[in-house]
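Chemist: Handing you a structure now.
No value in this document is a laboratory result; all are computed from the given coordinates. In this text, all values refer to a predicted model and were calculated from it rather than measured experimentally. Don't worry about glycine lacking a Cβ; one is built from the backbone with ideal geometry, like all the others, and counts go over all protein chains shown.
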Amino acid sequence: MCADVCTTEVLEKQSDFKPTKVVKEENCIECLSCLEICPAYAIEHEDLTPTRRFHVESKVIEMVKKIV
Amino acid sequence: MEVEVEKKRKDYEIEEEFRTFEEYETALHAVMDISGEMVHIIESATGKGARALCYTVSKGYGAKLGMMLGKKNGVEEALDALNENQDWWNINLWSKHDEPLIEESDGVKKFKIVIRDCTVRQTLLRVNLPQRSTMCHLTNGYIIGALEAMLDVKGNIEILHAGNNACLKEITLTLKGMNK
């Protein structure tokens, strides 16, 4: 699934139901589409640059931070 | 009369001073909600024409900024100026690891950009509208309008991928007076 949504060909599908492989890490644009679609929560990005989430109210962010 | 104006100015300054972050945030969210709703309604009323409408409107807005920034010598310089002079979009040149950033042939420049911070994406997420929809053409028009004004070219933009954290777009710039 994640390999299908990746337009920059960072991920490559493997045969025989083996896990998807990261083949061109340097091409990643950090769009996080793979992370969102992964049902197993198996994807993790290192040194990620998250965009500013100013669509969420700061009160909600504070609440979520406390819960997490 | 002058005293009255001066008093009003002082009142305004005091008001500005005491305006809190929450108040600004509420105002921003109101603008986001209204603009999202507006685009959604235009879309349902005019169909695909809404895309052209959004594109044209923001292209004019981008062109104004581009004219203000003045002529630039290259794509990199133009994008740098664009990033430095506005805070709503963060635009970076991007190419695959083994490919050049800008492909140029017969006066046509082709390159890809990654947009990280994007006010339109934030609005879409807030008002629960899909990406690649009408509102994305606001970003497209804005970028093309600014680049056309700064580089004196004809531009075209295509959305290659729309993600939650970044989008990938392809831009084609043609020198004015040349056929594609």
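Chemist: For segment B:67-180, just say rounded, prolate or oblate: build the C-alpha gyration tensor, square-root its eigenvalues into a ≥ b ≥ c, call rounded for a/c under 1.5, and beyond that prolate if a/b exceeds b/c, oblate if not.
Modeler: Note, shape of segment B:67-180 comes out prolate.
Chemist: Please list, by residue number, every one of the trypsin sites (Lys or Arg not before Pro) in segment A:1-44 that is coil in DSSP and has at most 16 other beta-carbon atoms within 10 Å.
Modeler: A:Lys13, A:Lys24
Chemist: Can you pull the mean other chain C-beta count within 10 Å for peptide A:28-38?
Modeler: That works out to 4 on average.
Chemist: Out of every Cα pair in segment B:18-79, what percent are spaced more than 14 Å from each other?
Modeler: Percentage above 14 Å: 72.
Chemist: Hey, another quick one. Dipole magnitude of the protein assembly as shown about its Cα centre, charges +1 at Lys/Arg Cβ and -1 at Asp/Glu Cβ only, in debye to the nearest 20?
Modeler: With Lys and Arg at +1 and Asp and Glu at -1, about 820 debye.
Chemist: Which net charge results for the neighbourhood of B:Asn164, defined as the other residues with beta-carbon distances under 15 angstrom from its beta-carbon, given Lys and Arg at +1 and Asp and Glu at -1?
Modeler: Local net charge: +3.
Chemist: Round to a whole angstrom and tell me the spacing of the C-alpha centers of segment A:1-67 and segment B:129-164.
Modeler: One Cα centre to the other: 24 Å.
Chemist: Can you tell me the 0 to 90 degree angle between the C-alpha axis of helix B:136-151 and the longest principal axis of chain B, rounded to 10?
Modeler: 70 degrees
Chemist: Report the label-to-label distance for B:Ser44 and A:Glu12 in nanometres (one decimal), using points 7 Å from each Cα along the Cα→Cβ vector.
Modeler: 4.8 nm
Chemist: Continuing with the same structure: Can you pull the mean other chain C-beta count within 10 Å for peptide A:9-15?
Modeler: Neighbouring Cβ atoms belonging to other protein chains average 0 per residue here.
Chemist: Using just the alpha carbons, could you tell me how many Å³ per residue the convex hull of the protein assembly as shown encloses?
Modeler: Measuring per residue, one finds 200 Å³ for the Cα hull of the protein assembly as shown.
Chemist: In addition: Lone cysteines in chain A, going by a 4.7 Å Cβ-Cβ cut-off?
Modeler: Here A:Cys6, A:Cys28, A:Cys31, A:Cys38 come out as lacking a disulfide-compatible partner, given the Cβ-Cβ threshold of under 4.7 Å.
Chemist: Also, quick follow-up: For chain B, what does the relative contact order come out to in percent, with C-alpha contacts under 8 Å and a separation of six or more?
Modeler: 27 percent
Chemist: Order B:51-58, B:70-77 from most to least packed using the mean count of other Cβ atoms within 10 Å.
Modeler: Descending packing order for the listed peptides: B:51-58, B:70-77.
Chemist: For helix B:75-84, report the angle its Cα long axis makes with the longest principal axis of the Cα atoms of chain B; keep it between 0 and 90° and round to the nearest 10°.
Modeler: That helix lies at roughly 10 degrees to the long axis.
Chemist: Order B:101-107, B:126-132 from most to least packed using the mean count of other Cβ atoms within 10 Å.
Modeler: By packing density, highest mean first, the sequence is B:126-132, B:101-107.
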